[in-house]
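What follows is a structure written as structure tokens; I'll ask about it next.
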Amino acid sequence: MDKQFNSKPNEDRALFLAEKADRFTIELSSGLLMRRYYRIEGFPEDHSFMVEPAFDAVAEELESIKREFQYRAKAIVDLYAIELTSKTTFGELMIQRTEHLICMEQLLKIKNLKYWLFQATHAKSKERYDMIKANYINEFGQKTIYNKNIGNVDLTLIDLVVKVFKLLGYEVIEMDINKKWHLLVIRNQQKHTVEVITDDRKQIMDVFITMSLWKKYQQSNL
């Protein structure tokens, strides 16, 4: 675990993490360049696009993870400030504390990403495929392993980028490595071009697994 989030045995883990929330950040470069895409009526398709300055959809998700950690931290601090009444029992407060603590521990596993890649064989088809195993925390606060099937072993870098954008809720409407961009994607009726500006497969894999764990967290807790 990151040393800055490693509490001492006798410290209150929940309060310790809450007090360190302003230091929570994930340093992860996407290796992708996205631009808003517009068609220009009356021009041939190959010359009918304009794009806005680039932005980073992955960086936006990383900020969302940071805000979620800080939200959980504030919720714990607020719990410690609550005065017990007949309507609020100590047991109820401890249940809420545990829920927030588990969420923060899960988010820390996303921050301190540790995973392994290996190949497996389908029992019936005998086809080989890539699998991911990553450290995570389950709903009971116990250490567990997150498993995910990536796909066929011949998955290209662009194929992996496509999976990233699908995790982010985009629909891939065009994939053409011969154009100025590699992908054309759409979400919320807005189209974006995507250029892959890295050839580092591990960099994209880090992004894919981080977003996969974040998606799992969202499905369980949001």
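Where nothing but the Cβ of Lys and Arg (+1) and of Asp and Glu (-1) is charged, how large is the charge dipole of the chain around its Cα centre, in debye to the nearest 20? The partial results should precede the final answer.
On the way: 33 positive and 32 negative charges, 134 e Å.
Roughly 640 debye, rounded to the nearest 20.
Here's another thing I want to ask about it. So for Y37, Y217, what's the accessible-area order with a 1.4 Å probe, most first?
Heavy-atom accessible area, descending, gives Y37, Y217.
Just report the Cα centroid separation between region 74-114 and region 198-222, whole Å.
A separation of 25 Å, based on Cα centres.
Using DSSP H assignments, which helices in the chain have an axial alpha-carbon span of 20 Å or above and a mean Kyte-Doolittle hydropathy of 0.0 or higher? Write down the numbers at each step before the final one.
Details: long enough: 57-81 (36 Å, -0.18); 90-111 (31 Å, 0.17); 201-221 (30 Å, -0.70).
Result, helices passing both filters: 90-111.
Next question, about the same structure. Which loop trypsin sites (Lys or Arg not before Pro) in region 12-117, with loop taken from DSSP, have no more than 12 other Cβ atoms within 10 angstrom of their Cβ?
Those that pass, being in a loop and sparsely packed, are K87, K114.
Taking only protein heavy atoms into account and a 1.4 Å probe, give the accessible area per residue of region 69-115 in Å². Before the final figure, lay out the partial values.
Working: 2680 Å² over 47 residues.
That works out to 57 Å² for each residue.
Please name which of T210, S7, V51 has its Cα lying farthest along the dipole of the chain towards the positive end, using unit charges on Cβ (Lys, Arg +1; Asp, Glu -1) and the Cα centre as origin.
Of the options given, the answer is S7.
Same structure, new question: Any idea what % of Cα-Cα pairs in region 82-176 are farther than 22 Å?
54 percent
Provide the gained length on full extension for the span T85 to T156, in nm with one decimal, where the gain is 0.36 nm per separating residue minus the Cα-Cα distance.
Full extension from T85 to T156 adds 19.6 nm.
What residue among F43, F69, F118 has the largest mean-square fluctuation in a Gaussian network model of the chain, using Cα springs under 10 Å?
For the chain, modelled as a Gaussian network with Cα springs under 10 Å, the answer is F43.
Express in Å², to the nearest 10, the accessible area of S220 obtained by rolling a 1.4 Å probe over the protein heavy atoms while all chains stay in place.
80 Å²
Mind putting a number on the dipole of region 63-132 about its Cα centre? Charges go on the C-beta only, +1 for Lys and Arg and -1 for Asp and Glu, and I need it in Debye to the nearest 20.
360 debye
Could you tell me which of rounded, prolate or oblate describes region 112-222, using a ≥ b ≥ c as the square roots of the eigenvalues of the alpha-carbon gyration tensor, with rounded for a/c under 1.5 and, failing that, prolate when a/b is larger than b/c and oblate otherwise?
Oblate, since a/c reaches 1.5 and b/c is not below a/b.
Please give the calculated 222 nm ellipticity per residue for the chain, where each DSSP H segment of at least 4 residues contributes -39500 (n - 2.57) and the sum is spread over every residue; nearest 500 deg cm²/dmol?
-13000 deg cm²/dmol
So what's the Cα pair-distance distribution over the chain, bin width 5 Å, in %?
1, 6, 12, 15, 15, 13, 11, 9, 7, 5, 3, 2, 1, 0, 0
The values are calculated or read from the model by the stated rules, or taken from the named source; none is laboratory data. Computed from a predicted model, the values in this text were never measured in an experiment. So basically every Cβ, Gly included, is an ideal-geometry build from the backbone, and we count neighbours across all protein chains shown. Please note that ligands, DNA and RNA were not included when accessible areas were found on the heavy atoms of the full protein model with its side chains. Shrake-Rupley method; radii C 1.70, N 1.55, O 1.52, S 1.80 Å.
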